[in-house]
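Asker: Here it is, the structure, as structure tokens.
The values are calculated or read from the model by the stated rules, or taken from the named source; none is laboratory data. Small disclaimer: the values here were computed from a predicted structure and weren't measured. Cβ coordinates were reconstructed from backbone atoms using ideal geometry, including for glycine residues, and neighbour counts include every protein chain displayed. We work out accessible area using only protein heavy atoms, side chains counted, and drop any ligands, DNA or RNA first. Shrake-Rupley method; radii C 1.70, N 1.55, O 1.52, S 1.80 Å.
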Amino acid sequence: MIDDIMADAKSKAKSVIKSKDKDGNLVYPDAKEDLLTHYFASQTMSGKWGVAMPISLALGLIKEIGDLSGLTGSNTGFSWDDIGADIAGAYFTPQQAYDKGLFTHTEPADMYEGVGQGLFKNVFRKFLN
């Protein structure tokens, strides 16, 4: 089931990244595909697949802990940006999430490799906008 959710989320993210408005401009020009994938996976688990919203968010948190510990095979570390996109998928429309900046990364250019992505305070501030 998780593989189906992730495949669906990746497909939606790829489609949204390429989406253009009537004038030929990208709808979400700054959006990052990995954050859209988190968004759509959370949205799917919270709704269509029948998993309660708290369980959907807990699964996103478990995945990030797995990334931090290396259990998922990822060397990215814990990502607050991914958590922000997971929460957005449970609560916001894609446009609302984009307007809040939740499809862009917050880590500074000089952040150490492998410690994760994003800064908690920067992701948190996006929710206050």
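Asker: Please turn the phi angles of the stretch 86-96 into ³J(HN,Hα) values with the Karplus equation 6.51 cos²θ - 1.76 cosθ + 1.60 (θ = phi - 60°), one per residue in order, whole Hz, x for glycine and proline.
Answerer: With the stated coefficients, the stretch 86-96 comes to 4, 5, 4, x, 7, 10, 10, 6, x, 5, 4 Hz.
Asker: Still on this structure: Dividing the convex hull volume of the Cα atoms of the chain by its residue count, what figure in Å³ per residue is obtained?
Answerer: It comes to 111 Å³ per residue, whole-number rounded.
Asker: What does the helix-only formula give at 222 nm for the chain: each DSSP H stretch with n ≥ 4 adding -39500 (n - 2.57), the total divided by the residues, and the result rounded to the nearest 500 deg cm²/dmol?
Answerer: -18000 deg cm²/dmol
Asker: Also, quick follow-up: So how do 11-24, 57-70, 84-97 stack up, highest first, on mean other-Cβ count within 10 Å?
Answerer: Descending mean neighbour count gives 84-97, 57-70, 11-24.
Asker: Separate question: Could you size up the charge dipole of the chain around its Cα centre, putting +1 on the beta carbon of Lys and Arg and -1 on that of Asp and Glu, and report it in debye to the nearest 20?
Answerer: 400
Asker: Now for a separate question. Calculate the spin-label point distance for Lys10 paired with Tyr91, positioning each point 7 Å from the Cα along the beta-carbon direction, and give it in nanometres.
Answerer: Placing both labels 7 Å beyond Cα along the Cβ direction yields 2.9 nm.
Asker: When the chain is fully extended, how far beyond the present Cα-Cα distance does Ser69 get from Leu119, taking 0.36 nm per residue of separation?
Answerer: 16.2 nm
Asker: Also, I was wondering about something else. Which residues' amide hydrogens lie under 5 Å from the amide hydrogen of Ser79, considering only partners 5 or more residues apart or on another chain, with H built in the peptide plane?
Answerer: Gln117
Asker: For Glu107, enumerate residues with amide H under 5 Å from its amide H, sequence gap 5+ or separate chain, H modeled in the peptide plane.
Answerer: Gly118, Leu119
Asker: Could you state the accessible area per residue of the chain in Å², with a 1.4 Å probe and every protein chain left in place?
Answerer: That works out to 58 Å² for each residue.
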